[in-house]
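Chemist: Structure in structure tokens, see below.
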Amino acid sequence: MKLQLYDASTLKDDDPQKAWLTQAQVTRPLLDSMLTVAAHFNVTLTASVFGIPQAQMAKAAGLTTIKIGSGEYNRRELAAVCCELFVGVGTVWIGRGLGDMPFDDHIAMTLGASDRRVIYFRGVSQYPTPYFRGLARLTQSPKPKSGWGWSD
């Protein structure tokens, strides 16, 4: 199961989603409770992280795989911290949306290494996505030679 870890206080006050995102924000105690329930049912939790503090919280809670969404793709400091925290114990997934961004391994380049457990994938970032439209867009988007997958 994938959660989204973010800091709602960083949203602008006029953001129409701020109220419900604040209510839905996952705190560390809530994450710990969710991990306990997940372990009871043999479910693995992972998380999308939208900032370095959230990546650190995910690591401290024991998550081993995290996702950096396509909206955060160019945040190299976040990518570097995520790799430092999770590569070696798990995996970092990087969403690429359906844009024209090349599948360069910028995280590995940021860290000066090329043997990282980093998985890039494409996804339709529209919610809800009409299935026929999403499938058409996904099948027409460029694919890397290896190490890729789809989301949504």
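Chemist: Go through the stretch 61-83 residue by residue and tally those that are part of a helix (DSSP H, G or I) and either open to solvent by 10 Å² or more (accessible area, probe 1.4 Å) or farther than 11 Å from Ile94 by Cβ (or both).
Modeler: Matching residues across the stretch 61-83 total 8.
Chemist: Now for a different question. Please enumerate the residues belonging to the stretch 41-52 that are over 9 Å from Leu5 (Cα atoms) and outside any strand (DSSP E or B).
Modeler: Within the stretch 41-52, Phe41, Asn42, Val43, Thr44, Leu45, Ile52 meet the criteria.
Chemist: For the stretch 1-35, give me each residue that is under 22 Å from Leu85 (Cβ atoms) and open to solvent by 100 Å² or more (accessible area, probe 1.4 Å).
Modeler: Met1, Thr10
Chemist: Here is a follow-up. Hey, among the residues in the stretch 1-49 that are small (Gly, Ala, Ser) and touching a residue at least 40 places away in the same chain (Cβ under 8 Å), which one's farthest from Leu78 (Cα to Cα)?
Modeler: Ala47
Chemist: Tell me which residues, restricted to the stretch 47-60, are farther than 16 Å from Val87 by Cβ, out of contact with any strand residue (DSSP E or B) (no Cβ under 6 Å at 6 or more places or on another chain) and open to solvent by 20 Å² or more (accessible area, probe 1.4 Å).
Modeler: Phe50, Pro53, Met57, Ala60
Chemist: Being modelled with pLDDT of 90 or more and touching a Lys or Arg at 6+ places or on another chain (Cβ under 6 Å) is the filter here; which residues of the stretch 38-84 pass it?
Modeler: Result: Thr46, Ser48, Met57.
Chemist: A follow-up question, please. Within the stretch 22-34, can one find any residue that is more than 16 Å from the chain's Cα centre (by Cα), part of a loop (DSSP other than H, G, I, E, B) and of a type outside the set (Gly, Ala, Ser)?
Modeler: yes
Chemist: Does any residue in the stretch 50-65 that is touching a residue at least 60 places away in the same chain (Cβ under 8 Å) come within less than 6 Å, Cβ to Cβ, of a residue that is of a type in the set (Phe, Trp, Tyr) and open to solvent by 20 Å² or more (accessible area, probe 1.4 Å) six or more places away or on a different chain, and which pairs are these?
Modeler: Short answer, once both residue conditions are applied: none.
Chemist: Going by what's in this entry, would Ala38 be described as assigned to a helix (DSSP H, G or I) and open to solvent by less than 40 Å² (accessible area, probe 1.4 Å)?
Modeler: For Ala38, the condition - assigned to a helix (DSSP H, G or I) and open to solvent by less than 40 Å² (accessible area, probe 1.4 Å) - is met.
The values are calculated or read from the model by the stated rules, or taken from the named source; none is laboratory data. The shown structure was predicted, so the numbers you read here are calculated from the model rather than taken from an experiment. Heads up, the Cβs are rebuilt from the backbone with ideal geometry, glycines too, and the neighbour counts pull from every protein chain shown. Note: accessible area is taken over every heavy atom of the protein model, side chains too, but ligands, DNA and RNA are not part of it. Shrake-Rupley method; radii C 1.70, N 1.55, O 1.52, S 1.80 Å.
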